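For reference, the structure discussed in these notes is given below.
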Amino acid sequence: MSSKLIAPSILAADFANLQRDIEMVNKSDADWFHIDIMDGVFVPNISFGMPVLQAINKHANKTIDVHLMIVDPDRYIKTFADLGSHVLTVHVEACTHLHRTLQAIKAEGMKAGVALNPHTNVSLLEDTINDIDLVCLMSVNPGFGGQSFIENTYNKVKQLKELITRKGAATKIEIDGGVTNKNAKQLVDAGADVLVAGSYVFKSKNQPETIKELKALANS
Ligand code: DX5
Ligand code: ZN
């Protein structure tokens, strides 16, 4: 069985000590850096943009997993490739021509991800799942860190896993929002492959230890 991955969300880091927090993730058991880009239009919040990602990339030595919570993401695919993103995730709710967007992401040499809001049914991916490297199931309404986990996510993980298996796809399932030691194991048991964790990691006293525990739980 392939190992389950932990992706600390930099949104919850201390931006005044960004290099310190990035080095912490570099040295920890974490697998990916999860980077949340918000435009204040698709979601009611603005996070940070290209100069900050450029700064992060100077120090980060693990996979850069970029989650675009923006309208019209096609406009920025090349920009995020040039910034060193490895996985680029767009929201299905923000894409008029999802299939074309996925091809454009891959053409830039990145893995193509699709995020689904809590209200969006996984059946919408029936015809594209074989083209998708990663599906990010939002387990909170996107826009803010520190929100509570929506319990219906477990059902969605199972539905998505069923779809992936039925179609013979190699798609990974990522869960984003409200992930803690209380739901990590159940999410993985339902079929999740990548767990994003922001507040739970960065608000903890011993961050490397929290990452280590999550990683162990996810792989238990
Ligand atoms: C929410 C973001 C998440 C967020 C998760 O819109 O997409 O990645 O950083 O933060 P926590 O783990 O605090 O819910
Ligand atoms: Zn995210």
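The values are calculated or read from the model by the stated rules, or taken from the named source; none is laboratory data. Everything numeric here is computed off the predicted structure, so don't read it as measured data. Heads up, the Cβs are rebuilt from the backbone with ideal geometry, glycines too, and the neighbour counts pull from every protein chain shown.
Quick look at the numbers
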| item | result |
| --- | --- |
| First in the stretch 1-30 and loosely packed, with under 14 Cβ neighbours inside 10 Å, second anywhere and in a helix (DSSP H, G or I), Cβ under 6 Å, 6 or more apart | 14/21; 19/59 |
| Search result, residues across the stretch 119-159 that are under 18 Å from residue 182 (Cα atoms), part of a loop (DSSP other than H, G, I, E, B) and within 16 Å of ligand 2 (Cβ to nearest atom) | 139, 140, 145, 146, 147, 148, 149, 150 |
| Selected residue (criterion: surrounded by the most Cβ atoms within 10 Å (Cβ to Cβ)) from residues of the stretch 141-176 that are under 13 Å from residue 121 (Cα atoms) and of a type in the set (S, T, N, Q) | 153 |
| Residue 159 within 12 Å of ligand 1 (Cβ to nearest atom) and either of a type outside the set (A, V, I, L, M) or in contact with a strand residue (DSSP E or B) (Cβ under 6 Å, 6 or more places away or on another chain) (or both) | no |
| Residue that is surrounded by the fewest Cβ atoms within 10 Å (Cβ to Cβ), among those in the stretch 177-197 that are within 11 Å of ligand 1 (Cβ to nearest atom) and of a type in the set (Val, Ile, Thr) | 180 |
| Pick from the stretch 38-61, criterion surrounded by fewer than 17 Cβ atoms within 10 Å (Cβ to Cβ) and touching a strand residue (DSSP E or B) at 6+ places or on another chain (Cβ under 8 Å), ranking: nearest to residue 25 (Cα to Cα) | 57 |
| Residue satisfying condition, being farther than 25 Å from residue 139 by Cβ, over 15 Å from the mean Cα position of the chain (by Cα) and surrounded by 13 or more Cβ atoms within 10 Å (Cβ to Cβ), within set 101, 79 | 79 |
| Filter pass, residue 94 being in contact (Cβ under 8 Å) with a residue 24 or more places away in the chain, within 13 Å of ligand 1 (Cβ to nearest atom) and touching an Asp or Glu at 6+ places or on another chain (Cβ under 8 Å) | no |
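To keep it simple, each residue is scored yes or no on (1) within 19 Å of residue 45 (Cβ to Cβ); (2) touching a Ser or Thr at 6+ places or on another chain (Cβ under 6 Å).
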| residue | (1), (2) |
| --- | --- |
| 66 | yes, yes |
| 70 | yes, no |
| 75 | no, no |
| 82 | no, no |
| 85 | no, no |
| 106 | no, no |
| 114 | no, no |
| 130 | no, no |
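Condition check ((1) within 14 Å of ligand 2 (Cβ to nearest atom); (2) in a helix (DSSP H, G or I); (3) at pLDDT 95 or above; (4) not polar (S, T, N, Q)) across all residues:
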| position | (1), (2), (3), (4) |
| --- | --- |
| 7 | yes, no, yes, yes |
| 18 | no, yes, yes, yes |
| 23 | no, yes, yes, yes |
| 29 | no, no, yes, yes |
| 35 | yes, no, yes, yes |
| 44 | no, no, yes, yes |
| 48 | yes, no, yes, yes |
| 51 | no, yes, yes, yes |
| 54 | no, yes, yes, no |
